[in-house]
Structure formats: C-alpha cells, structure tokens
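The values are calculated or read from the model by the stated rules, or taken from the named source; none is laboratory data. This is a predicted model, so every value here is computed, not measured. Glycine also receives a Cβ, built like all others from the backbone with ideal geometry; neighbour counts cover every protein chain displayed.
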Amino acid sequence: MNRRFALRRMGAAVSALCLSLGVAAGVQAQEDPVRLGAIYIMSGTPAVYGEFARQGMEIAVDEINEGGGILGRDVEFLLEDSQIKADAAIQAARKLVYQEQVDGLMGLDSSGVATGVVPVVPELQRPFLITHAATPDVTGKLCNRYTYRLSVNISQNTKAAAEIAAETGAKRWTTLGPDYAFGHQSWEFFGDYLQELDSEVELMENTAFPRFGNEDFTPFINNVMDAEPDGVLVSLWGGDLVNFIRQANNLGFFEQDFEVLMTLGGATEVLSALGEQMPEGVWVGTRYWFDAHDNPMNDHLVRTHMERYGAPPSYNAAGAYAGIHAYKAAMEKAGTTDPEAVTDALSGLTFQAPNGELTLREGDHQAVVGPTWGVTSAVSEEYGVRMLDPMRTFDGELVTPDVADTGCNL
C-alpha cells in the first residue's frame, strides 16, 4: 500500500468516526429531557403548598411523557424551596438556571416573594410562569417580558368578591388579613370595586392585619366583633386561616350578625384540615375548584389525584399541573425549547387548563381567568370536604381589568 493511499484511507476513517460521533451527539441532544425549574414553599408549616404543587407536576409530567413528551423529548422538573423569602427564591432561581440549565421556570406561592423575584427574572433570560402568587404587581407595575401568570390574581378575585358583597346589602365593611402585600392589596382592591358598585358602602378604618404565621388571632377577632361591621372580608390563607377559623368558632365570630367573605376559604387544604369545623353557610373563594369545571382535562386530573393521593386537587396542584401543560403548548408553538423563543410563544398563548381554556394576554402576560366562589355546604363522603352550594365561577373577561389599568408597560 503506498503512502498516499494509506493517508486517504486514514482520512476517510477519521471522517467517518467524526460523523458517527456527531450523529451520536445529536441523538443524545435530542434525547436529553426538557428541564423545568420549580420554586415553591417546601419547608415550615406552609410546606403543604409545595407538596400540592409537586403532586400536580408529577401527574402532568407522567401523562405528557406517556404521550410522547415535548417535541419528542421527555420532560422533568427540579423543585427548589422558596422558604417564603425573596432572597432564597432568587438564589434558587439562579441555581436552577446557571447550574441546572433549566429551559423554563415556574412557581412562587407568596406575593411578597414574587415582588422580590420578578425584577430579577430578566437577568436569568428564562421564561417564568407564576402559578400561585396573586399580587397584581407582577403583571402590573413590575411586569417584564419574561414573567407570566396563569392563576387568578387579587384584582380578579376581589372583583368577584365585591359583586357578591354588593348583593348582600351590607354597608359597613372591615377586613382581617395578613400584614403584607396580599392582605393589604386584597382590602384595597375589594374596597375600590365595592364602592364602584355601591357608593353608599363605608370602608371602616378599624381593620385587623396580623402578621403572617401568627398563632393567636383572639385579639384581632375581638377587635373586629367589637367594631360591629355589616361585613368582613377575610384574606387569611393556609394554616393561618385554619387557626383563625378554629379560634373564631370558639369566640362566636360566625354567629354574629354580619356577612363573612373568605377570599381563599374554598382551598381544599383548608377544608380538609377543618372538616366539620369549617362553618356551613359562609361565602368562600378559591382560584380553582375541582368540581366546577366539566372538561376532559379536569376530569382526568381529579380522578388521577384521588387515585394517587386520596384527595381532590387543590388550586396549587391544579396551577402547577397547568404550568407544565402551558410550557408544553408554548414549546410546541415555538417548535423549540429555546428560552427566548418560548418566552415569545407564551405571549398571547391559548392553552387548555383544568379550569378551562386560558389565554395569557400579550399586553401584561396575565391569564384571563376567573375565580370560583361558593357557599359552604355539607361535607362530601366522597371527597372529605365541605362542598360549595350554591357555586359561581366568574367569567375571566368580566373580572380581569383592562391592560391599560394594570400599570404594565411591556
């Protein structure tokens, strides 16, 4: 064999090897999973919210992977603890992006945490889909290109609450809510909407804002009862709401001659914890109610959640479940998992969620979605919680403010 022929054969072999390695690398790249980073409360008393989110994501990931994944690739999620602290959530987001190389971010349970995290999101150059935190600011004055929310916000929920409150005829209203953005904004938006509906309504100065995580609500309950209002908006949530209701029962709060509206009293975790202790005949709201939506996706979620976890899905489970499906829809719309392309694809995206078909508005990236409110009735033997009867699911178009009124300037 002459030297020129030998070199030619060696070159061909090297080329073939490189081509083979290139194809193998390409196949491997195609087989790498789509990675989504999630940040929820995973420690302390409110850790149940993170567990519920995990349950929703697990169901969504399993069914998507069984159906062929996203763009032919399996999907997986990585879950980090927000610790209900903005700095911890920011650190978690940076870890997920820079170390774990996730394709997108989702989560956040606290409005206070969300207002700290959202301004940092553009630095990460990843879409961030909020599935729980309700402050209007994140799709309002703090809005940015990368941040979206698929869940009901304070403005949407309190507009529905104001409509119910106006129908009761109660004129003098006060509130009892957590002493941070969620509680104060709930009262502010509720009051504005209610006075638009009834100019004779009085918003009392005697209000109660215990710190989040407070254990003794007795002085606040007594303060509200002593004020003798016609109506009380309660925006406590989670363990705080459970503790409040137990103490309020002991003090005769629900036997007083005033209307009570609990903005998140319809959360299944609250109803499950209280059982018969949840008073009957009280108006309660929730961002998602498992028995309010007649569609195949919701039927599947409720059935699967009952089979796996022995309870109906909470709104946090439904929100996290919807978040995974929203990313699937956006990535398939974009034809890629590239974060910039997916960010663009989320804008104006219409996708199927357990609570119906949702659209993420182009102008502020808020989902056009309405809450469910209902009156607590008998405990269901099947689900183990008080059901809502009567029940009203509000039209998102009617309770979502115009983009021009949100303060968002994208």
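Among the candidates 151, 155, single out the residue that is of a type in the set (Gly, Ala, Ser) and outside any helix (DSSP H, G or I).
On the way: 155 fails: outside any helix (DSSP H, G or I).
Just a single option satisfies the conditions, and that option is 151.
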*Quick one: which of 335, 348, 323, 319 is more than 27 Å from residue 404 (Cα to Cα) and at pLDDT 95 or above?*
335
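Those residues that are touching a Pro at 6+ places or on another chain (Cβ under 9 Å) and not basic (Lys, Arg), I need them from segment 203-229; list them, please.
Taking segment 203-229 and keeping what is touching a Pro at 6+ places or on another chain (Cβ under 9 Å), we get 204, 206, 208-214, 216-217, 219-220.
Listed by number, the residues that qualify are 204, 206, 208, 209, 210, 212, 213, 214, 216, 217, 219, 220.
Being polar (S, T, N, Q) and under 17 Å from the mean Cα position of the chain (by Cα) is the filter; apply it to segment 89-140 and report the residue that is surrounded by the fewest Cβ atoms within 10 Å (Cβ to Cβ).
Filtering segment 89-140 for residues polar (S, T, N, Q) gives 91, 99, 101, 110-111, 115, 125, 131, 135, 139.
So of that shortlist, the ones also under 17 Å from the mean Cα position of the chain (by Cα) come out as 110-111, 115, 131, 135, 139.
Details: 110: 29, 111: 25, 115: 19, 131: 30, 135: 26, 139: 28.
The selected residue is 115.
Would you call residue 378 of a type in the set (A, V, I, L, M, F, W, C), over 18 Å from the mean Cα position of the chain (by Cα), part of a loop (DSSP other than H, G, I, E, B) and more than 21 Å from residue 148 (Cβ to Cβ)? Give the derivation first.
Values: of a type in the set (A, V, I, L, M, F, W, C): yes; over 18 Å from the mean Cα position of the chain (by Cα): yes; part of a loop (DSSP other than H, G, I, E, B): no; more than 21 Å from residue 148 (Cβ to Cβ): yes.
In short, no.
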*Here are some residues: 389, 364, 402, 338. Which one is buried (at least 18 other Cβ atoms within 10 Å of the Cβ) and out of contact with any Lys or Arg (no Cβ under 7 Å at 6 or more places or on another chain)?*
364
*Out of 367, 353, 378, 330, report the one residue that is in contact with a helix residue (DSSP H, G or I) (Cβ under 7 Å, 6 or more places away or on another chain), closer than 25 Å to residue 48 by Cα and touching a residue at least 60 places away in the same chain (Cβ under 8 Å).*
353
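Regarding residue 59, is this residue out of contact with any strand residue (DSSP E or B) (no Cβ under 7 Å at 6 or more places or on another chain), within 16 Å of residue 323 (Cα to Cα) and of a type in the set (Val, Ile, Thr)? Show your work before the answer.
Numbers: out of contact with any strand residue (DSSP E or B) (no Cβ under 7 Å at 6 or more places or on another chain): yes; within 16 Å of residue 323 (Cα to Cα): yes; of a type in the set (Val, Ile, Thr): yes.
Yes, satisfied.
Which of the following residues is farther than 14 Å from residue 64 by Cα and outside the structural domain of residue 270 (by TED's automatic domain parsing): 333, 328? Break it down stepwise before answering.
Values: 328 fails: farther than 14 Å from residue 64 by Cα.
Sole residue among the options that is farther than 14 Å from residue 64 by Cα and outside the structural domain of residue 270 (by TED's automatic domain parsing): 333.
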*Mind listing just one residue for me: the one in segment 159-173 that is of a type outside the set (D, E, K, R) and in contact with a Leu (Cβ under 8 Å, 6 or more places away or on another chain) and, of those, surrounded by the fewest Cβ atoms within 10 Å (Cβ to Cβ)?*
166
*Residue among 384, 281 that is out of contact with any Leu (no Cβ under 8 Å at 6 or more places or on another chain), surrounded by fewer than 18 Cβ atoms within 10 Å (Cβ to Cβ) and farther than 30 Å from residue 162 by Cβ*: 384
*Check 226, 230 and return the single one that is farther than 23 Å from residue 111 by Cα, in contact (Cβ under 8 Å) with a residue 60 or more places away in the chain and out of contact with any Asp or Glu (no Cβ under 6 Å at 6 or more places or on another chain).*
230
